1. Just the residues that are buried (at least 19 other Cβ atoms within 10 Å of the Cβ) and in a helix (DSSP H, G or I), please, taken from region 315-338.
2. Within region 371-384, is even one residue surrounded by fewer than 12 Cβ atoms within 10 Å (Cβ to Cβ), in contact (Cβ under 8 Å) with a residue 40 or more places away in the chain and farther than 19 Å from residue 305 by Cβ?
3. In region 264-276, which residues are within 17 Å of residue 341 (Cβ to Cβ) and in a helix (DSSP H, G or I)?
4. Take the conditions modelled with pLDDT of 85 or more, in contact with a strand residue (DSSP E or B) (Cβ under 9 Å, 6 or more places away or on another chain), assigned to a helix (DSSP H, G or I) and assigned by TED's automatic domain parsing to the domain that holds residue 315 and apply them to residue 430. Does it pass?
5. Looking only at region 296-314, which residues are more than 19 Å from residue 274 (Cα to Cα) and either over 21 Å from the mean Cα position of the chain (by Cα) or assigned to a helix (DSSP H, G or I) (or both)?
6. Identify, by number, the condition in (1) surrounded by fewer than 18 Cβ atoms within 10 Å (Cβ to Cβ); (2) over 22 Å from residue 36 (Cβ atoms) that residue 159 doesn't meet.
7. Answer yes or no: is there a residue in region 134-148 that is touching a helix residue (DSSP H, G or I) at 6+ places or on another chain (Cβ under 7 Å), buried (at least 20 other Cβ atoms within 10 Å of the Cβ) and within 28 Å of residue 24 (Cα to Cα).
8. Residue check, residue 213 against (1) under 30 Å from residue 395 (Cα atoms); (2) in the same structural domain as residue 284 (by TED's automatic domain parsing), all met but one. Which one?
């Protein structure tokens, strides 16, 4: 059997195992509806232009039962979890861990295959994505643009249009087309501001392909710009703690990192929004607003990101249009009352307070209280033994990810305090941002909605 078919069969088997696990025990931060829909499209090979029916979902469930019997998979959750944990890709008798997709890609390249493998972890879960890819180097990163996907695990569900694994960036045209069909195609007469933004954007681009390519470019520049925060926050531990805090679930620190990737310029290159704003590109800016408009979506947990990412944008609209010069100053002159500078201050202050809460927490292992210092020493020793040669920033992220995992498992009160604090910090940031936008009697989301309505609300043509 060829390497391509071997990988495809094994990845599809893991996909089935994970789907059966998550059907019974969904990981924190996952959206079951999104996973189920994307798995149905992939398993049955249904075109994205076709809406899924109850018959399609029923067919998928019957096929899953058939495949589970074919692979003789365990019926119990514990057995499925054991298979997932021990899973390795096996090629010609050699077993490859999830972190070694570079070695597999070398084998694929040597066999003249156009397929490339994307692999990594989403939380504690392995993910794999196999597809045709064009490759390029950019800013020290290896970028894979995946056009056609052959095998995908549920952790790569179709709403994840861009994925990052260290210095590797994976951009998924399949996901971009799926999102277009789900969110854009077949729009009816605009009923809310989000629909009006989409209609305006479609009119600016004039065609599906140009819009999808622009969407992919926005994702590319966003992922490439994630390192820009290091030019403003010099403390490696603060950056590592903020990235590692994803273990606690989406929070104000993780949302702000995504905002900074859109807005903050790197040392030697402009940010994604800076490119759009300095070109005065109203179509690309409308696409950014539409893609980050979660107020009328099935993902209400993302509304905080909408509010924070769009607030600097709508801070500078006048006469039913964007003030391009003021927006440029918002990015270039952070020390002159910029909302982004306020975000940076909040980011560092929140991270420092979170660190303090964790360091003062008590951990209970085998009915015995242990302080943070002991936990820290154990984790540091373990990392030094297993990760020799890891750079300082990656070490900080891994260290704090482990710390937060220990906090969740062994410090009930410490974990509770972090959750309470992060939610309070989010509420305070929204209130203070609303005040800076000059409308303290309204919520931040209300202000952003009203300001968007001023620009896009007059759009009437379907």
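1. Those that are buried (at least 19 other Cβ atoms within 10 Å of the Cβ) and in a helix (DSSP H, G or I): 327, 330, 331.
2. Looking for residues that are surrounded by fewer than 12 Cβ atoms within 10 Å (Cβ to Cβ), in contact (Cβ under 8 Å) with a residue 40 or more places away in the chain and farther than 19 Å from residue 305 by Cβ, one finds none in region 371-384, hence no.
3. Answer for region 264-276, where residues must be within 17 Å of residue 341 (Cβ to Cβ) and in a helix (DSSP H, G or I): 273, 274.
4. no
5. Going through region 296-314, the residues more than 19 Å from residue 274 (Cα to Cα) turn out to be 296-304.
Listed by number, the residues that qualify are 300, 301, 302, 303, 304.
6. The single condition residue 159 does not satisfy is (2).
7. Scanning region 134-148 turns up no residue that is touching a helix residue (DSSP H, G or I) at 6+ places or on another chain (Cβ under 7 Å), buried (at least 20 other Cβ atoms within 10 Å of the Cβ) and within 28 Å of residue 24 (Cα to Cα).
8. Answer for residue 213: the failing condition is (1).
The values are calculated or read from the model by the stated rules, or taken from the named source; none is laboratory data. Note that the structure is a prediction, hence the values are computed from the model and not measured. Counting neighbours? That spans all protein chains shown, and the Cβs are built from the backbone with ideal geometry, glycine included.
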